[in-house]
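Written out below as structure tokens is the structure these notes cover.
No value in this document is a laboratory result; all are computed from the given coordinates. All values derive from a computational prediction rather than experimental measurement. So basically every Cβ, Gly included, is an ideal-geometry build from the backbone, and we count neighbours across all protein chains shown.
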Amino acid sequence: MELPAGLGERGLSLWEAMSGKDVARNALVLEAARIADRLDELDNIIQGKGVLNLMQFRLHLNEIDEDGDRNINVEVKFAAPLAEARQQATALAAILSKLAPAESAAAKPAGKPMPAGVTPLDRIRQRNLQKA
């Protein structure tokens, strides 16, 4: 299988670890790899190591009002790399949970089955009594 072009170090290692023969799975793995690389880039920007155009300017010069006067409007937008990093991290977590649901379920500790007639509140009370 060919390695996808344009992946960074983290994305490439994710691709190599999780890709397989299933086309649908590979599509998700590729997207996860791209997001992982994007998160690395955003992290560099947040740490001041990367370059990002944080401001965008747009001029609206051809607007003429009812009196025939020409209006010049300047639109300024600021990027929010930290918010974007949070969104990308959430997207990566969602994709990875779809790729490895069995692994994430195995990582969760199995709780003891509750005996009949014992409520969760009873269990908490018992645990608090044991601590005292």
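How do 46, 64, 35 rank when sorted from fewest to most other Cβ atoms within 10 Å of their own Cβ? Don't skip to the answer; put the middle values down first.
Numbers: 46 14, 64 9, 35 23.
With the sparsest Cβ surroundings first, the list reads 64, 46, 35.
Each residue of segment 83-90 in order: what ³J(HN,Hα) in whole Hz does its phi give by Karplus 6.51 cos²θ - 1.76 cosθ + 1.60, θ = phi - 60°, with x for Gly and Pro?
Per residue, the Karplus-derived 3J(HN,Hα) values read 5, 5, 4, 4, 5, 5, 5, 5 Hz.
Ratio of segment 1-90's C-alpha Rg to 2.2 N^0.38 Å, to two decimals?
For segment 1-90, the normalised Cα radius of gyration comes out at 1.69.
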